[in-house]
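Q: Attaching a single structure in structure tokens format; questions to follow.
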Amino acid sequence: MKYFNFVLCQPFLEPPDSTKIKMRFFRYIFFISLVFLAQLLLAQSKPSIMVEPLDPDVPPGAIADTVREWVLNILHGGGGELDTASIKYKGNIAAFGKFWRGEVAGIGVDSGLILSTGPVMDARGNNASGAATYKFNDYHGPPSGDSSIWRMYRDWFSQVDESIVIPYDTLGDAAVLEFWYKPYGKEINLTYVFASEEYPSSKFTSPQPDVDLTGYTGAGSQMMDFMGVFITSHPNTDTTNLAQVYGPDPPPPNAPPAWVNVYQINANKTASLFRPNPKIEDGNPDVNLGTEFDGMTKTFGPSGTLVIRKQVTPCIRQKVKIAIADFYYNAPEQYPEHNGYSINSGVFLEEGSFRGDQMSNPHPRWTIDYKFENTSGGSGNFGEQIIENCSDLLVTFTLDEPVSILRTYEIPFRIESNIYRDSIDVHYEGSMSDALIANDTIVFVDGASIRTVRVSARNIHEDSPIQVKFVYKTDPCDGPLPPIGGGSFSGKIFFDLRHNDPITFTFDPTPGFKQYEAYCKETIDLNVVNETNGGVIPLRYTWPSNPVPPVATYSHTVNNSPDFVAVTVTDGCNNETEGTVKIINKPIELQTIPTLSFCAPGMSQQVEAHWMPVNDYPGYNFVPNLTNWSNITDTPPSLIGNGNPFTINYDDNYFEQIWLCEYNVTDVCGNGATGDFNVDQTGTLDIGDDKYICKGESVELLTFTPSMGDDPNNYKWYEHSVSPSNEIGVGPNIIVSPPDTTKYILYILDKCNNVQYDSLIVFVDHFLPTIAISPSSAEVCPGEIVTFTANTANVWLWTPGGETTQSITRNETVPGVYTYTLTASSDYCIDKEISASYEVFPQPSPAFSFTPDEEACTGEDIQFTYGSDATGKELNWDFGDGTNSTIPNPVHAYTDPNTYTVYLHVQQYICDNDTSMTVLVNPLPAPNFTADVDEGCLPVDVHFTDQSQDIFPGAVYEWNLGDGTSSSVQNPSHTYNTAGLFSISLKVSNTERCFAEIFKPNLIQVNPNPTADFEADPWISTMDRPDIDFNNLSIADSAWYDFLWDFGDGNSSSDENPSHTYTAPGDYYISLRVETINGCWDTTLAMVALTEEVRLFIPNAFTPNGDGVNDVFEIKGTPITDFNLYIYDRWGGKVWSTHNYENQWDGTDESGNLVPPGSYMYQITGTDYRRFPVSYKGTVNVVR
């Protein structure tokens, strides 16, 4: 708002007191009236708009960030993609800002951005004064302009006078916002309001400080401000200002530029498009709007005349420029301050109105979110896998704005799998969950903005060997890339497709379960993992005691013979099956009871049945009352008794004989065994059969021969491995551990007082188990076979695994150290253990990626990136074109187009891996062309011939022919109708990515034709003066080459300014042909007359207004001797006279005063060269 300063001045002479009192009274009344008037004006003002300019106190980078933020979040309404990095503002930072509260202020748009040729903060207010204070006071340096606005001024002035040259520095206070934009629709829209202080202030008429440029008629010291909106797909091509009164369409032919400015839109010319400030509202003509501007344009929403609606090709980038600038025609150095820049203008850009589509048919962007969902109720988390009836893919598409009611919006997708496409269903979630999606297109209807689809599998009979892709458009411009092999969308979700196998066991079909062998009360590990087929991991094994967490290997103590253990297997998809493990008891191995020796009746000996276990298994025992002892020499055998231990008595029925005692045992698991031993009643010493032991083991040598009392000295043992024998101990038994096979002798004094001896041999078995590993290094890669081979033995048992073969193989896939234990037995070395280990080293991943991944161009750097940590690995890249690399992340460029297979070999210690990927390389065109003509005279017809190399069929050609025209044909022809030097550019696009451009500056030179013209002095003469001078007035931009005059009487000349003497009266047609050094020519024809009588050419009107055109009453023709010219008014009064043929009447009387407009009579008298009298009379009109 502007305020007034009132100064009440005292007169120089003091009046009388009464007079002073009256004057003070009237001053008071005047002051009160002004206050009342100011309050009335304020009461009739609308609230001011609110404006926030760019902050001058922050770094330039922060200012640029603010500009980008405002354009993205305020100006842009959707329907396209802004190139954020390209958003730039050029101009004084005070001339750009954001505004709000525009509707209540009455400017027609509520909020948005403002560009101005002055400080945007001064746009606030209520136009209280209309004074021209809205300017940049610090603009005293070089002007700041804009090339597009400068061309507008140049074209505007050419309508007035083609000879006017507009220097670039006549522009100032330019504010320019520009960026690159990719529209999704066929139209770019923008709503704006142009406002200016160059409109006349309608509130204060005296004095009138504002400059009224609405009635502009020609070039002057000041010129109206211009604003423009330019949208083009080629940044080097001049484009039309779209801010026009006619709207987005070009103006009619031969019409002057209809750009929006104060001259085209004002109260007198286009009142329907103009809003004055103050304006008439509810009958009140003095309502101040909430802005300082004196007037502005109206806008009527998306269908309004002044809304930008630029028809474009969807998804083709457009350069957008919105600019406004001031103008001062006179050279700036003439003035200390550019006063021509003082009266400023602005443009309000409505918030959200810049769109790349139509509001009625929006093309929104979208985001996607996806997850893999277990649908079976099982516990499996399968990652990126789709499993039939178990795991689905859910993909949610969210639009950034809802679809219009009664319209649809489509997002295509693809399932990239030629083998399994028919087995993959895609349907909507929610209310349309049963509807399969047709045509691989997601459809949004009825104002929807979110749509979720479910991707599931059916009739999958085996796992997919390769990954399947759900590909989708990432934005409305995303699409398959041509041309080799088609293409795909850039959005990708990878997943594995798996068959939901039922769980089965590979048990031997005859027993129907897995069998183990174990001793009674032995605790063993049970495992059915290797016998489990199918199912979807993770698999969960449930055993009788239900361990938590579940275990695959279950420890079980054998309690029965046979023993049965049930197991249930459940997979991640909640499938389950049951199986049984059967444990068969190993046979009872009884310790040998040596022969009992009795030398006389009445003797007895206690014996006990023992087994020979590998380990001591807690709880194992023979059931005593189920251990029976019998004399099987009797016929039939006779039961002696039961119990364990048990006493054997001398049998009187076998006096001095040997009888056989048999015993039967039953253990706690119900297993039975039978053993026997001899009872020797002959009295002969017997220490048993030879013994067999394993080296390092001990064996007890004993006798059951009755001794003389209990004196152990009655027993003497000798070792006979050397000579003489060596006594090694006394007593009825002795424990020995010979290193080698040894003979032992026992001497006794028996109970019958007889000396006896007996001997046996303890054979020593030197068996030790060994394991040979193949490969001998015991180092392998995942999946490679390792063979363990044992030496010769009777029994082998490998753990883990439980195999009983001499050799086993393994092919572990998980890196780590694996240890296997061999328990082997020979004839007498039982369950000897040895362990061996091998290490599985990691298999390095060969996975890699490359950018760009869909398509590259010849000569373009492709970044290959190894997907894992390269530490400790050797990498060898083969790019398929004969070149290699060994670095982890190489950059490579291909010189020839092709589909290349890139191989990567990765070596990590002993393990290596390979993979390959294909790279599509399309040719980068090498544009070139020739022109059949490179120089000529107007008009010049040029045919351009494409000489480009590496071009696809159907390549796109974009010619810029240098004069504002373009072409898309391969070999265009063009006619240049204006002179100048024209630079030609050709852009050739094989694909959207593979394009190149060539620019040939000043290739075509179009020389202007000269304009032939001359004057004759005189044009008409009498035969007394037959000499006529001809002056060449031709115009050319280069040096003259030739002149050819034809004087019409058979004579000619090649002089530039010849003279010629005619010999006979007549009318002669003079022709002049001029030619420049460029070969451009022109001709003109005019007539001169040689006469014997006087010929005068007398005008009937003239306009003496000082404009230099038709300002005098000029008489032309043959000279007259004794010439007299008299001018009379309508009443016959002489106004002016002359006696000189060369004098001309300028519309003044003889006193120099201007005569009134009207009709005046003239009279001309004199004599011709033959002295005949001459007289002319007539009227002439003075027009002012």
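Q: Residue by residue through segment 69-91, note down the ones that are surrounded by fewer than 22 Cβ atoms within 10 Å (Cβ to Cβ) and in a loop (DSSP other than H, G, I, E, B).
A: 83, 91
Q: I would also like to ask the following. Residues in segment 830-841: is at least one under 25 Å from residue 525 (Cα atoms) and assigned to a loop (DSSP other than H, G, I, E, B)?
A: Narrowing segment 830-841 to residues under 25 Å from residue 525 (Cα atoms): 830-840.
With assigned to a loop (DSSP other than H, G, I, E, B) added as a condition, the list becomes 830-831.
Yes: one or more hits.
Q: Considering only residues of segment 937-971 that are part of a strand (DSSP E or B) and of a type in the set (Phe, Trp, Tyr), which is surrounded by the most Cβ atoms within 10 Å (Cβ to Cβ)?
A: As a first pass, look at segment 937-971 and keep what is part of a strand (DSSP E or B): 937, 940-946, 949, 956-960, 966-967.
Among the residues that remain, those that are also of a type in the set (Phe, Trp, Tyr) are: 944, 957, 959.
Values: 944: 24, 957: 22, 959: 22.
Here the answer is 944.
Q: A follow-up question, please. Search segment 556-579 for residues that are closer than 30 Å to residue 374 by Cα and pair each with any residue that is among the acidic types (Asp, Glu) and part of a strand (DSSP E or B) when their beta-carbon atoms are under 8 Å apart and the residues are at least 6 apart or on different chains.
A: 566/578; 567/578; 568/576; 568/578; 569/576; 569/578; 570/576
Q: Of all residues in segment 899-920, which are surrounded by 14 or more Cβ atoms within 10 Å (Cβ to Cβ), more than 13 Å from residue 994 (Cβ to Cβ) and not hydroxyl-bearing (Ser, Thr, Tyr)?
A: Listed by number, the residues that qualify are 902, 904, 905, 906, 907, 908, 911, 912, 913, 917, 919.
Q: Could we say that residue 63 is in contact with a Leu (Cβ under 7 Å, 6 or more places away or on another chain), modelled with pLDDT of 90 or more and hydrophobic (A, V, I, L, M, F, W, C) here? I'd like the intermediate steps shown before the answer.
A: Details: in contact with a Leu (Cβ under 7 Å, 6 or more places away or on another chain): yes; modelled with pLDDT of 90 or more: yes; hydrophobic (A, V, I, L, M, F, W, C): yes.
So residue 63 fits the description; yes.
Q: Testing residue 1044 on (1) aliphatic (A, V, I, L, M); (2) within 20 Å of residue 1019 (Cβ to Cβ); (3) surrounded by 12 or more Cβ atoms within 10 Å (Cβ to Cβ), one condition comes back false. Which one is that?
A: Going through the list (1) aliphatic (A, V, I, L, M); (2) within 20 Å of residue 1019 (Cβ to Cβ); (3) surrounded by 12 or more Cβ atoms within 10 Å (Cβ to Cβ), residue 1044 breaks only (2).
Q: Follow-up. For segment 671-686, does any single residue satisfy the condition of being over 27 Å from residue 760 (Cβ atoms) and either without any contact (Cβ under 8 Å) to a residue 24 or more places away in the chain or not assigned by TED's automatic domain parsing to the domain that holds residue 753 (or both)?
A: Yes; the residues of segment 671-686 include at least one that is over 27 Å from residue 760 (Cβ atoms) and either without any contact (Cβ under 8 Å) to a residue 24 or more places away in the chain or not assigned by TED's automatic domain parsing to the domain that holds residue 753 (or both).
Q: Which ones in segment 833-855 are surrounded by 15 or more Cβ atoms within 10 Å (Cβ to Cβ) and in contact with a Phe, Trp or Tyr (Cβ under 7 Å, 6 or more places away or on another chain)?
A: 836, 838, 840, 841, 848, 850
Q: Find the strands (runs of 3 or more DSSP E) located wholly in segment 972-1036 whose residues include 3 or more that are free of Cβ contacts under 8 Å to residues at least 40 places away in the same chain and either of a type in the set (A, V, I, L, M, F, W, C) or out of contact with any helix residue (DSSP H, G or I) (no Cβ under 7 Å at 6 or more places or on another chain) (or both), and list them. First the steps, then the outcome.
A: Values: elements: 973-976, 980-989, 995-1007, 1014-1017, 1020-1022, 1027-1032.
Once the strands (runs of 3 or more DSSP E) in segment 972-1036 are filtered for at least 3 residues that are free of Cβ contacts under 8 Å to residues at least 40 places away in the same chain and either of a type in the set (A, V, I, L, M, F, W, C) or out of contact with any helix residue (DSSP H, G or I) (no Cβ under 7 Å at 6 or more places or on another chain) (or both), what remains is 973-976, 980-989, 995-1007, 1027-1032.
Q: Return the residues of segment 621-633 that are of a type in the set (Phe, Trp, Tyr) and at pLDDT below 90; say none if nothing qualifies.
A: Taking segment 621-633 first, the residues of a type in the set (Phe, Trp, Tyr) are 622, 629.
Once the filter is applied, which keeps residues that are of a type in the set (Phe, Trp, Tyr) and at pLDDT below 90, segment 621-633 yields only 622.
Q: Go through segment 358-395 and give me each residue that's part of a strand (DSSP E or B), within 18 Å of residue 446 (Cβ to Cβ) and either hydrophobic (A, V, I, L, M, F, W, C) or under 19 Å from the mean Cα position of the chain (by Cα) (or both). If you could, list the steps in order and put the result at the bottom.
A: Within segment 358-395, the subset part of a strand (DSSP E or B) is 358, 361, 366-374, 385-387, 391-395.
Right, trim to within 18 Å of residue 446 (Cβ to Cβ) and you get 361, 366.
Matches in segment 358-395: 366 only.
Q: For segment 383-406, check the following and say yes or no: at least one residue is acidic (Asp, Glu), outside the structural domain of residue 110 (by TED's automatic domain parsing) and over 17 Å from residue 469 (Cα atoms). Quick ask: steps written out before the conclusion?
A: Step one: filter segment 383-406 for residues acidic (Asp, Glu), giving 384, 388, 392, 400-401.
Next, only the ones that are outside the structural domain of residue 110 (by TED's automatic domain parsing) stay: 384, 388, 392, 400-401.
So of that shortlist, the ones also over 17 Å from residue 469 (Cα atoms) come out as 400-401.
Within segment 383-406, one or more residues are acidic (Asp, Glu), outside the structural domain of residue 110 (by TED's automatic domain parsing) and over 17 Å from residue 469 (Cα atoms).
Q: Still on this model: Which of the residues spanning segment 660-708 are among the charged types (D, E, K, R), closer than 30 Å to residue 751 by Cβ and modelled with pLDDT of 90 or more? Before the answer, list the steps.
A: Filtering segment 660-708 down to residues among the charged types (D, E, K, R) leaves 662, 667, 676, 680, 686, 689-691, 695, 697, 700.
In the following step, the residues that additionally are closer than 30 Å to residue 751 by Cβ were identified as 662, 676, 680, 686, 689-691, 700.
The answer is 662, 676, 690, 691, 700.
Q: Let me ask something else. Please give the number of the condition residue 819 fails out of (1) within 45 Å of the chain's Cα centre (by Cα); (2) at pLDDT 95 or above.
A: The single condition residue 819 does not satisfy is (1).
Q: For residue 402, which of the numbered conditions (1) farther than 15 Å from residue 473 by Cα; (2) crowded, with 17+ Cβ neighbours inside 10 Å; (3) within 27 Å of the chain's Cα centre (by Cα); (4) not polar (S, T, N, Q) fails to hold?
A: The number of the failed condition is (2).
Q: Filter segment 210-245 down to residues that are among the hydroxyl-bearing types (Ser, Thr, Tyr) and under 22 Å from residue 318 (Cα atoms) and give me whichever is modelled with the highest pLDDT.
A: Initial filter on segment 210-245 (among the hydroxyl-bearing types (Ser, Thr, Tyr)): 214, 216-217, 221, 232-233, 237, 239-240.
Retained after the next criterion (residues that are under 22 Å from residue 318 (Cα atoms)): 232-233, 237, 239-240.
Details: 232: 91, 233: 86, 237: 63, 239: 71, 240: 85.
By that ranking, first place goes to 232.
Q: Being out of contact with any Leu (no Cβ under 6 Å at 6 or more places or on another chain) and surrounded by 14 or more Cβ atoms within 10 Å (Cβ to Cβ) is the filter; apply it to segment 921-930 and report the residue that is farthest from residue 1076 (Cα to Cα).
A: First, the residues of segment 921-930 that are out of contact with any Leu (no Cβ under 6 Å at 6 or more places or on another chain): 921-926, 928, 930.
Still in the list and also surrounded by 14 or more Cβ atoms within 10 Å (Cβ to Cβ): 921-926, 928.
Details: 921: 54, 922: 51, 923: 48, 924: 45, 925: 42, 926: 39, 928: 33 Å.
Here the answer is 921.
Q: Which of the residues belonging to segment 1041-1068 are at pLDDT 90 or above, part of a strand (DSSP E or B) and under 15 Å from residue 1012 (Cα atoms)?
A: 1042, 1043, 1044, 1045, 1046
Q: Whether any residue in segment 570-579 is touching a Leu at 6+ places or on another chain (Cβ under 7 Å) and surrounded by fewer than 18 Cβ atoms within 10 Å (Cβ to Cβ) is what I want to check.
A: no
Q: Checking residue 978 against (1) of a type in the set (Val, Ile, Thr); (2) more than 27 Å from the chain's Cα centre (by Cα); (3) farther than 30 Å from residue 1079 by Cβ, which test does it fail?
A: Exception for residue 978: condition (3).
Q: Go through (1) in contact with a strand residue (DSSP E or B) (Cβ under 7 Å, 6 or more places away or on another chain); (2) in a loop (DSSP other than H, G, I, E, B); (3) surrounded by 14 or more Cβ atoms within 10 Å (Cβ to Cβ) for residue 872 and report which single condition fails.
A: (3)
The values are calculated or read from the model by the stated rules, or taken from the named source; none is laboratory data. The model shown is predicted, which means the values in this text are computed figures rather than measured ones. Using ideal geometry, Cβ is built from the backbone for each residue, glycine included, and neighbour counts are taken over all protein chains shown.
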